[in-house]
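Undergrad: Got a structure for you, questions after.
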Amino acid sequence: MPDRPSDRPLGIFGGTFDPVHYGHLRLAEEAADGLDLAGVRWIPAGQPALRSRPQVTARQRLAMVCLAIADNPRFSVDAAEVEADRPSYTVPTLERLRQVDQCGQQRPLVLLVGADAFAGLPGWHRWRSLFDLAHLAVAQRPGFPIDGACLPAELASCYRDRFSASPAALAASPAGRIVTFTMSQLAISATQIRGLLTKGYSSRYLLPDEVIAYIQTEHLYPEC
């Protein structure tokens with residue numbers, strides 16, 4: 001295993017984060033523990049390519065992520081996709097990290113995704129190129145491992161070829177493997193939170209108090 005933190009695998013966690021909540025935070029925290037990551041870099045999407053337009057601005061979503069992760073030294077944030085005037089795609093983001101960022105070409109990068117997102121991977125822009133740039137770590141519910149037979153055929157074949165049962169495989173190469181990790185099942189979603197807020201209901205205990213305070217100050221997700 002690499003000894004220096006700068007050599008150990010770095011988790012990459014992209015998303016809309018509209019808004020960021022405890023489900024996101026637990027996924028990143030448990031990935032860092034379970035996969036022996038040096039840290040997790042959060043990358044809010046500026047203009048999400050595969051989702052409908054977020055209800056708040058990219059800079060407001062970035063601000064909420066910064067507030068949510070501020071007290072965790074293993075977490076950092078990358079604002080480049082928010083600052084770019086173009087749709088956010090994962091492969092170009094990873095290419096940027098490899099080419100112009102301190103990650104370089106040899107450090108293992110680990111893209112963190114949920115099981116649903118992984119199943120939809122063939123719909124992603126240049127999805128096969130992901131494996132030239134990073135490993136994939138798929139979060140799964142306790143007792144519900146990924147079932148290759150339920151994946152699209154082209155993804156199932158990729159999964160069989162690239163899957164490793166040991167997270168230690170992530171440190172052995174810069175990219176190309178698929179691993180899974182189990183995370184606490186929290187029935188929280190950004191859609192659920194937005195629905196509560198637009199009805200004037202409390203979102204307490206679903207997301208950090210600092211984020212709730214920001215939402216209130218900025219008058220985000222107004223009541224219908």
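Undergrad: Taking the highest mean first, how do the peptides 153-161, 188-196 order by number of other beta carbon atoms within 10 angstrom per residue?
TA: On the way: 153-161: 14.1, 188-196: 16.0.
Averaged packing, sorted descending, gives the order 188-196, 153-161.
Undergrad: Can you pull the three principal axis extents for the Cα set of segment 21-171, in Å, largest first?
TA: 40, 32, 30
Undergrad: So what's the gap between the Cα centers of segment 18-41 and segment 83-126, to the nearest angstrom?
TA: Measuring centre to centre over Cα atoms gives 16 Å.
Undergrad: Under unit Cβ charges (Lys, Arg +1; Asp, Glu -1), what dipole magnitude, rounded to 20 debye, does the chain have relative to its Cα centre? Working shown, then result.
TA: Numbers: 22 positive and 23 negative charges, 71 e Å.
Value, rounded to 20: 340 debye.
Undergrad: Can you tell me the accessible area per residue over the chain, all protein chains present, probe 1.4 angstrom, in square angstrom?
TA: Numbers: 11110 Å² over 224 residues.
About 50 Å² of surface per residue is accessible.
Undergrad: Expressed as a whole percentage, what fraction of the accessible surface of segment 37-135 belongs to carbon and sulfur atoms when a 1.4 Å probe is rolled over the protein heavy atoms? All intermediate terms of the calculation are to be shown ahead of the outcome.
TA: On the way: 2180 of 4680 Å².
Carbon and sulfur together cover 47 percent of it.
Undergrad: Now for a different question. Divide by every residue of the chain the summed helix terms, -39500 (n - 2.57) for each DSSP H run of at least 4, and state the resulting mean residue ellipticity at 222 nm, rounded to the nearest 500 deg cm²/dmol.
TA: Values: 9 runs with 78 residues, N = 224.
The helix-only estimate for the chain comes to -9500 deg cm²/dmol at 222 nm.
The values are calculated or read from the model by the stated rules, or taken from the named source; none is laboratory data. Computed from a predicted structure; not experimentally measured. Every residue, glycine as well, gets a Cβ built from its backbone with ideal geometry; the counts of neighbours run over all protein chains shown. Ligands, DNA and RNA are excluded from the accessible area calculation, which covers all protein heavy atoms including side chains. Shrake-Rupley method; radii C 1.70, N 1.55, O 1.52, S 1.80 Å.
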